[in-house]
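These notes are about the structure you will find just below.
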Amino acid sequence: MSIFEALMLVCFGLSWPTSIAKSLKSRTAKGKSVTFLYFLELGYIFGMINKVLNGFNFVFWLYLLNFAMILIDIALYYRNRRLDAAADAAAAQA
């Protein structure tokens, strides 16, 4: 049983909706590390591979859910980076 691993993933998973909401609301990539997000994604990939190779169970789906939420946050990072560039260009023209 992987109850402690599942609880760890639930705790991590509770933070991602907050991060996504902040990315949506702030509309800026400033202060966000996309490298950090990519390393987290890589860690979740390794966790999913481990579940496939060494005992597939419900925890795999928690890894997948966390992976999906970080992927959304990464997409918002790139959207916000474009918004930052547009705002900088508009400020330079003013």
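Read the figures in this text as sums done on the coordinates, not as results from a lab. Just so it is clear, the structure is predicted and the values come from calculations on it, not from any experiment. In this analysis, Cβ positions are derived from the backbone assuming ideal geometry, glycine residues included, and neighbour counts consider all displayed protein chains.
Just a few scattered comments:
- If you check 66, 57 for being within 15 Å of residue 2 (Cα to Cα) and not basic (Lys, Arg), only one passes: 57.
- Candidate set from the stretch 6-28 (those that are among the basic types (Lys, Arg) and in a helix (DSSP H, G or I)); member that is nearest to residue 66 (Cα to Cα): 22
- Within the stretch 1-57, the set of residues being surrounded by 15 or more Cβ atoms within 10 Å (Cβ to Cβ), in contact (Cβ under 8 Å) with a residue 40 or more places away in the chain and of a type in the set (A, V, I, L, M) comprises 6, 9, 20, 29, 37.
- Residue ID - nearest to residue 62 (Cα to Cα), chosen from residues in the stretch 29-46 that are among the hydroxyl-bearing types (Ser, Thr, Tyr) and in a helix (DSSP H, G or I): 44
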